[in-house]
There are 2 protein chains.
Amino acid sequence: MVTDLLPAKNGEEYTMQFLLEVVDILTNYVRKTFDRSTKVLDFHHPHQLLEGMEGFSLELCDQPESLEQILVDCRDTLKYGVRTGHPRFFNQLSSGLDIIGLAGEWLTSTANTNMFTYEIAPVFVLMEQLTLKKMREIIGWPNGEGDGIFSPGGAISNMYSVMVARYKHYPEVKIKGMTAAPRLVLFTSEHSHYSIKKASATTSPTVYGAFDPINEIADICEKYSMWLHVDGAWGGGLLMSRKHRHKLNGIERANSVTWNPHKMMGVPLQCSAILVREKGLLQGCNSMCAGYLFQPDKQYDVTYDTGDKAIQCGRHVDIFKFWLMWKSKGTIGFEKHIDRCLELSEYLYHKIKNREGYEMVFEGKPQHTNVCFWYIPPSLRLLPDGEEKRQRLHRVAPKIKAMMMECGTTMVGYQPQGDKVNFFRMVISNPAVTRSDIDFLIDEIERLGQDL
Amino acid sequence: MVTDLLPAKNGEEYTMQFLLEVVDILTNYVRKTFDRSTKVLDFHHPHQLLEGMEGFSLELCDQPESLEQILVDCRDTLKYGVRTGHPRFFNQLSSGLDIIGLAGEWLTSTANTNMFTYEIAPVFVLMEQLTLKKMREIIGWPNGEGDGIFSPGGAISNMYSVMVARYKHYPEVKIKGMTAAPRLVLFTSEHSHYSIKKASATTSPTVYGAFDPINEIADICEKYSMWLHVDGAWGGGLLMSRKHRHKLNGIERANSVTWNPHKMMGVPLQCSAILVREKGLLQGCNSMCAGYLFQPDKQYDVTYDTGDKAIQCGRHVDIFKFWLMWKSKGTIGFEKHIDRCLELSEYLYHKIKNREGYEMVFEGKPQHTNVCFWYIPPSLRLLPDGEEKRQRLHRVAPKIKAMMMECGTTMVGYQPQGDKVNFFRMVISNPAVTRSDIDFLIDEIERLGQDL
């Protein structure tokens, strides 16, 4: 192979050959990700990777590298990364690797376009519109009426809700600034996602996976004319399940909803929607009428241009992978996926609730896939309750987690919360997970933690 | 092929086969994109696509589709889309299709991870850090010191600058809200990007591609202790060129800079950086210390966790494609790309400046690749200057553009600006463009516009 300083400027065949060699690296990576004899990660400290592993340097240079070296760089980037699609990766709300979703992402990046106008993204703009309508129907808004947009993640979606609520009550803020409004107040649960604080409303607290009683909150909001935002970034997926959607009863009374298909529904990152019950608010709140982008005198119906609704200018195409997965699974496919993940969580709950050395962080069956628990090593089991036990227990989860990462066998999250010392938070959103993977996790916690 | 309701839950071989069939569709698409006998687009109105083209329905159903149908959906999505990588697509600041960048995006979506912690994105987090440092060195900040982050586009990057500036001058706003600050003022050019208005400062106005005198503005900002933000979303790319970077002289005096590699540097969407001269401000401004995500008691150096700097929680991996392109081209490859695009713009300028039927929107050689001009059809050339001529000229560009899109031969943007009626704005960022493509555009404008 020769290196051209402007690769692929004319789609030369050697660059296509290069692309196929990358595909070969990627498909091998995918195959191994689903193979449980493969490690979840090959951990290195920052200074180790910065010093440069053999043949892999992160430094950028003035001169070009050969395409052979670029292939090595691709292999090494994957080698030192984390396999978030591995059936034993439980570390985040987003996990798994759906092949249809992946194909959708590859097509999206090949199309390399931008959502702001129908003119340059006709198909994607319509897919977004139809999918948002479907999501609003599932929320329960009459005929799926309302508005919405895909944004770069739940935090930005929540920020939209705050901006739209402010615009609804004090539209003059848009022109006159914050001094045009009285001091505004935002009520949220103690356990809400931290983006809510940044954006100044949560319905399935991020750590515990419990659901707030939406109907009771909606009663209060209606009484005092308050905007009700439901942050269903993580919980929204349960709307797809006839068995579990009752946990979100009352969501149809919300003024706005955040719902991230990239979490519970297994869609590749990023895919987050903000849905608004009243039509026109997004446009009213965010439009700036930039004539050089959104010309009113085009030959097509320019109400399909979405750019003026967004706080962004350019906007990544997040819809296609989701639309393609929906086509391929059908609504019932998502339902099966959700039901299965919740069954597995219930399996974990029953497995450990009376098991020696485990303590649940809160009582009762999990409402979502979140199972929060302490593992108490034998050396702590006989200690009397008190500050010493608390302090020692606080150090257990981080130690086990560090060993897991060094071994590369599995990953699960931990955190403290309020007055509770570090506990494990198990979450399941990957359809590749089986009961044997849950068993493996518990065995591994005990193997690594028994001598602590 | 059979359809599984949970595709690829275990990396089954038939799903890998499906993925390779998608790759075949995509590589054929790429080959045709660089073939000038292929149309730029196959235009349809929204209602036509919504009614459903033969075999292609956008509607989502309860039941799954077969994988064969999914392949048809992929082909049709591309068929009815716009080829933004086509050498005759001049419609946006982002154009072209770099194969190394594309390979980078495919790898990124295969890795499917999230930038918020080193824990789950060790390699990408370090690549981001090193690349941001390199960008700060190129801006001219001593030793590349400072801070920065990749964000989902220039509008969000500009929003960061406003938030960081406010935090620097009124840190109490973070805790107490906007009532803790006096009324704040933001000065910007009349021709700045509209996101600047949404985020409440521009250096290469988006339409004209002219550069503000940064040194003179910096003098004023220093005198009055004002925050200087340079929006180099579009113009920043010129920093890579020894020949053209003088147009941004003084940028090293800015407090913050927006720079979008996804525009002039040909990196696939999305890739936008906000760079801040003073270290610690991003973290100070945005940190919420969410213990369940950013645990301080991990086994590695947690200063590498980036999540607490971002206004987002989850954050897409935008760095890898850019890093890989930089590796493959070297700094000198980006320089050649920039120089070449500016040469082509100069070629266009010289071609039309004295050509019959053309009028430039402003005097002098273009400073960037933006060339703004009116095409005046023969029927208008003899009309006296006045309101009638203005009104008729205003309708010319939209008509030509609409015909271009119907023919599918090329695309170029137009807009009015201030008291100026609709004019064409030609921009070049695709390295596949040649002089013959510029000639083609001019021929096409004349072919379509001569009888208007």
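Dipole check for segment A:15-151: with +1 at the C-beta of Lys and Arg, -1 at the C-beta of Asp and Glu, and the Cα centre as origin, the magnitude is about 800 Debye.
The tail of the calculated P(r) for chain A beyond 38 Å holds 33 percent of all Cα-Cα pairs.
Among B:Pro261, B:Asn286, B:Leu324, pick out the residue whose Cα is farthest towards the positive end of the charge dipole of segment B:201-339, where Lys and Arg carry +1 and Asp and Glu carry -1 on C-beta, about the Cα centre. Toward the positive end, the furthest listed residue is B:Leu324. Each residue, A:Lys336 and B:Asp42, gets one label point 7 Å from its Cα in the Cβ direction; the gap between the two is 3.3 nm. Tell me whether segment A:214-320 comes out rounded, prolate or oblate; compute the Cα gyration tensor, take square roots of the eigenvalues as a ≥ b ≥ c, and use a/c under 1.5 as the rounded threshold. Since a/c reaches 1.5 but b/c is at least a/b, the shape of segment A:214-320 is classed as oblate.
Just tell me how shielded A:114-120 is by partners: mean number of partner chain Cβ atoms within 10 Å of each residue's Cβ, no decimals. Don't skip to the end; give the middle numbers.
Working: counts 9, 1, 2, 3, 4, 9, 12.
Taking all residues of A:114-120 together, the mean is 6.
Of interest is the spacing of the C-alpha centroids, which for segment A:344-410 and segment A:37-116 amounts to 31 Å. The B-A contact accounts for approximately 13200 Å² of buried accessible area, totalled over both chains at a 1.4 Å probe radius. Taking amide H as placed 1.01 Å from N in the peptide plane, A:Gln415 has its amide H under 5 Å from the amide H of A:Phe423, A:Arg425, each at least 5 places away in sequence or on another chain.
Listed values for segment B:414-430 are Karplus-derived 3J(HN,Hα) couplings in whole Hz (6.51 cos²θ - 1.76 cosθ + 1.60, θ = phi - 60°), namely 9, 5, x, 8, x, 8, 8, 6, 2, 10, 7, 10, 8, 9, 10, 9, 9, and x replaces Gly and Pro. Of the solvent-accessible surface of the protein assembly as shown, computed with a 1.4 Å probe and all protein chains present, 51% belongs to carbon and sulfur. In the protein assembly as shown, the DSSP beta bridges split such that about 75 percent are antiparallel, to the nearest 5.
Legend: mean number of C-beta atoms from other chains within 10 angstrom of residue C-beta atoms, peptide B:42-49, equals 5.
With a 10 Å cut-off around each Cβ of B:14-26, the average count of Cβ atoms from other chains is 5. Ranked by the mean number of other Cβ atoms within 10 Å of their residues, highest first, the peptides B:379-391, B:403-415, A:89-101, B:321-333 come out as A:89-101, B:321-333, B:403-415, B:379-391. In terms of packing, defined here as the mean over residues of other Cβ atoms within 10 angstrom, the peptides B:34-43, B:263-272 line up highest first as B:263-272, B:34-43.
Does segment A:364-421 come out rounded, prolate or oblate, given a ≥ b ≥ c as the square roots of the eigenvalues of its C-alpha gyration tensor, rounded meaning a/c under 1.5 and, failing that, prolate meaning a/b above b/c?
Taking the square roots of the gyration eigenvalues as a ≥ b ≥ c, segment A:364-421 is oblate.
What number, rounded to the nearest 500 deg cm²/dmol, is the helix-based mean residue ellipticity at 222 nm of the protein assembly as shown, given -39500 (n - 2.57) per DSSP H run of at least four residues and division by all its residues?
Working: 28 runs with 372 residues, N = 904.
Taking each H run of at least 4 residues, the total per residue is -13000 deg cm²/dmol.
Only protein heavy atoms count here; on that basis, with a 1.4 Å probe, B:Val82 has an accessible area of about 10 Å². Using the alpha carbons alone, the radius of gyration of the protein assembly as shown stands to its Kirkwood radius in an Rg to Rh ratio of 0.96. When A:Ile332 is represented by a point 7 angstrom out along its Cα-to-C-beta vector, the spacings to that point in the other copies are 6.2 nm, nearest first. The solvent-accessible area of B:Arg277, taken with every protein chain present and a 1.4 Å probe, is close to 100 Å². Taking the label point 7 Å along Cα→Cβ, A:Lys243 and its counterparts in the other copies are spaced 6.6 nm apart, in ascending order. Counted over chain A, the DSSP beta bridges are approximately 80% antiparallel. Each copy carries B:Pro384; placing its label point 7 Å along the C-beta direction from Cα gives inter-copy distances of 10.6 nm, listed from smallest up. Peptides A:248-257, B:393-402, ordered by how many other C-beta atoms sit within 10 Å of their residues on average, highest first, read A:248-257, B:393-402.
Over 25 Å apart at the Cα level, from the set B:Lys134/B:Lys309; B:Lys39/B:Lys243; A:Lys133/A:Lys336; A:Lys420/B:Lys279; A:Lys321/B:Lys399; B:Lys223/B:Lys247, are B:Lys39/B:Lys243; A:Lys420/B:Lys279; A:Lys321/B:Lys399.
Grab the other residues whose beta carbon is less than 12 angstrom from that of A:Gln69, score K and R as +1, D and E as -1, and report the net. Surrounding charge for A:Gln69 is -2.
With a/c under 1.5 counting as rounded, go ahead and sort segment A:264-421 into rounded, prolate or oblate using the C-alpha gyration tensor (a ≥ b ≥ c being the square roots of the eigenvalues; past the cut-off, prolate if a/b is larger than b/c, else oblate). In terms of gyration-tensor shape, prolate.
The values are calculated or read from the model by the stated rules, or taken from the named source; none is laboratory data. Quantities reported herein were computed from a predicted structural model and do not represent experimental measurements. Counting neighbours? That spans all protein chains shown, and the Cβs are built from the backbone with ideal geometry, glycine included. Calculation scope for accessible area: heavy atoms of the full protein, side chains included, ligands and nucleic acids excluded. Shrake-Rupley method; radii C 1.70, N 1.55, O 1.52, S 1.80 Å.
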